[in-house]
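Participant: Following this message is one structure expressed as structure tokens.
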Amino acid sequence: MTKRASAARAVVFMGTAQVFRLVVTFITAPILGRLLHPADFGLIATSAPIIGFVTMIQNLGLTQAIIQRQTITKGQINTLFWLSLLLSLTFAAGLIVLAPILARYFQEPRLTEVIWVGAVLTVVSVVGEQPMALLTRDLRFRFLAVLDILGTVVGAVLGVAIAWYTRSYWALLVPLACSRFLNLIVSALVVRWLPGRPVWDEAAQQMIGFGAGLSTFNVLNFLARSADNLMIAKAHGAIALGFYDRAYKLMLLPLTQATWPLSRIIAPILSRLQDKPEEYRITYISSVSLLMLAVQPGVLCAVIYSDATVALLLGSQWAEAAPIFAWLGFAGLHQTFTSTTGWLFISQGRMREFSIVGLVSSTSTIGSFAVGLPWGPLGVAISYVVSDYALRLPFTWYMTGRAGYVGIGDIYRMVFPHACGLVVSASALVLIKVFLHASSPFELGGVLIFTYAINSAVLMLFRSKRLLMIQALSVACRSMMLRPFS
């Protein structure tokens, strides 16, 4: 089976899991939004960048180095594991010590215990990442999809149950904890890998260097993505942050649910196609085109009908989050593609350029937050979106296409048909909204289906997109009929 065929079947498996996850999230989000107070979401949102930062830097990009490497030995894997664990325990201890200080800084006493729990979860996470990386390296996507579904169900049920009986913010940490522990236990049992004696050789040093370059970008990107939460929490308080955080998470939901699992599929496959430039290029373009087809129309519909979307998914008490969601969703339209450019840098080992992109993007992003902060969460969102389209989008596209197997021309030829589809779909939706406000779930669902239909019809006018859509349907049908690979 070719790598492109493997990618297509893997997309079916992981796509099914993420659709399931998305449905569960859309069901639980309004329930939690009605059971808990905006300040509860603001509390967790305040702790998230602190815990997330430690979770990210403790790994140093070493799990991605395992996936990207063409050949790797057990001793080298052991080296990366023990290094990650040592860093994890060090940073977790630092979190435990700093938690009371951070709680006083944000004037939120409850933050101390939340950070303590988060510190424990960071250690669980790093232990479970190694077997998960080995499963990904072996392209065990069917199993990974089942594990995603299992974690989603268990976390959602327990989270809602705890919120129902306690009305406590702890319910928001339950899905994360379930995911971390399930990944650790189940993947370790399947892989049957236990850490042993480390081997410090040249290949291990190269992987650490690769991971350090990737980690540099991740740190810069994380600082930019977290600065808005910290700045809003300090300047405007937990309630304002709660509205902003729910709008931001709602906007990110379709992007992360689609892009994250696809990155687990495409990144290792692209890494193994480095000696086949044409197949590499076609695999990337096809995968990203299908991603845009699947995500962009839904984001566009939610942006134009932001009031109805927020009321339906979060409840009427979250109406203040609707305009924030609309502006952030506008940026999400292009980020569906732009967020995938990292696959190219990582699979080609272009860490220096990737770090430059991270530096420019993070600096301009934090600057835009500072500009919009005096006008509250909405001002932060508007300033961010304007700078995103004016600076970060063209710069990222230029850096991506200036070298490697996917050039600037490939990028524009890939994106242009989708841009046409979005413009036509947006025009139709604006006209429809004059007569139909889509206040009910059935009306909003009908408008969503119409958006996908219009967008698909426009894409069918372009031969490359038409052939791709037909091929994707054919692969999906064959995958459903054939026995899945293990």
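Every read-out reported here was derived from the displayed coordinates using simple, explicitly stated rules and does not represent laboratory data. As the structure is a computational prediction, the values presented were derived from the model and not from experiment. Cβ coordinates were reconstructed from backbone atoms using ideal geometry, including for glycine residues, and neighbour counts include every protein chain displayed.
Participant: At Trp116 and Arg192, where each label point lies 7 Å from the Cα along Cα→Cβ, what is the point-to-point distance in nanometres?
Facilitator: 4.1
Participant: How much length is gained if the chain between Leu359 and Ala457 is pulled fully straight, taking 0.36 nm per residue apart and subtracting their Cα-Cα distance, in nm to one decimal?
Facilitator: On the way: separation 98, 0.36 × 98 = 35.28 nm, distance 3.91 nm.
Computed gain between Leu359 and Ala457 is 31.4 nm.
Participant: State whether the stretch 83-193 is rounded, prolate or oblate according to the following rule on the C-alpha gyration tensor (a ≥ b ≥ c being the square roots of its eigenvalues): a/c under 1.5 gives rounded; otherwise a/b larger than b/c gives prolate, and the remaining case gives oblate.
Facilitator: On the way: a/c = 3.61, a/b = 1.37, b/c = 2.63.
Oblate is the answer for the stretch 83-193, as a/c is 1.5 or above yet b/c matches or exceeds a/b.
Participant: Right, here's the next one. Could you tell me the calculated FRET efficiency between Val146 and Leu252, based on Cβ-Cβ distance and R0 = 30 angstrom, to the nearest 0.05? Can you show the working numbers first?
Facilitator: Numbers: r = 24 Å, r/R0 = 0.81.
In this case the efficiency is close to 0.80.
Participant: Below 8 Å between Cα atoms, with a sequence gap of 6+, how large is the relative contact order for the chain in percent? Let's see the in-between values first.
Facilitator: Details: 642 pairs, mean separation 100.5, N = 486.
Relative contact order comes out at 21 percent.
Participant: While we're looking at this one, here's another question. Students often get this wrong: which residues of the stretch 126-169 have the backbone nitrogen under 18 Å from the point 7 angstrom along Cα-to-C-beta of Gln317?
Facilitator: 160-169, by backbone N distance to the label point.
Participant: Across 10 Å bins from 0, what is the distribution of all Cα-Cα pair distances for the chain, in whole percents?
Facilitator: The calculated distribution, bin by bin, is 4, 18, 31, 30, 14, 3, 0.
Participant: Calculate the spin-label point distance for Trp260 paired with Tyr105, positioning each point 7 Å from the Cα along the beta-carbon direction, and give it in nanometres.
Facilitator: Using points 7 Å along Cα→Cβ, the separation is 2.5 nm.
Participant: Continuing with this model, one more query. Treat the count of other C-beta atoms within 10 Å as a stand-in for reagent exposure and order Lys74, Lys465 from fewest to most.
Facilitator: On the way: Lys74 12, Lys465 21.
The most exposed by this proxy come first: Lys74, Lys465.
Participant: Order by neighbour count: Cys420, Cys301, fewest other Cβ atoms within 10 Å first, most last.
Facilitator: On the way: Cys420 15, Cys301 26.
Going from sparsest to densest Cβ surroundings: Cys420, Cys301.
Participant: Follow-up. Describe numerically, in nm with one decimal, the distance between label points set 7 Å from Cα along Cα→Cβ at Leu158 and at Ala419.
Facilitator: Computed distance between label sites Leu158 and Ala419 equals 4.6 nm.
Participant: Let me ask you something else. Please identify the helices of the chain, taking whole runs of DSSP H, that span at least 15 Å along their own axis as judged from the Cα atoms and have a mean Kyte-Doolittle score of 1.6 or higher.
Facilitator: Working: long enough: 3-35 (46 Å, 0.96); 38-57 (29 Å, 1.46); 74-105 (45 Å, 1.30); 111-137 (37 Å, 1.24); 141-166 (37 Å, 1.74); 174-191 (25 Å, 1.90); 202-271 (50 Å, 0.57); 277-304 (40 Å, 1.04); 322-338 (24 Å, 0.85); 351-372 (31 Å, 0.91); 376-387 (17 Å, 1.45); 408-435 (41 Å, 1.46); 441-459 (27 Å, 1.36); 463-481 (28 Å, 0.45).
Membrane-span-like by this criterion, though nothing is claimed about a membrane: 141-166, 174-191.
Participant: Per DSSP helix of 4 or more residues, -39500 (n - 2.57); summed, then divided by the residues of the chain. What does that give at 222 nm, rounded to the nearest 500? Don't skip to the answer; put the middle values down first.
Facilitator: On the way: 18 runs with 402 residues, N = 486.
Using -39500 (n - 2.57) per qualifying helix, the result is -29000 deg cm²/dmol.
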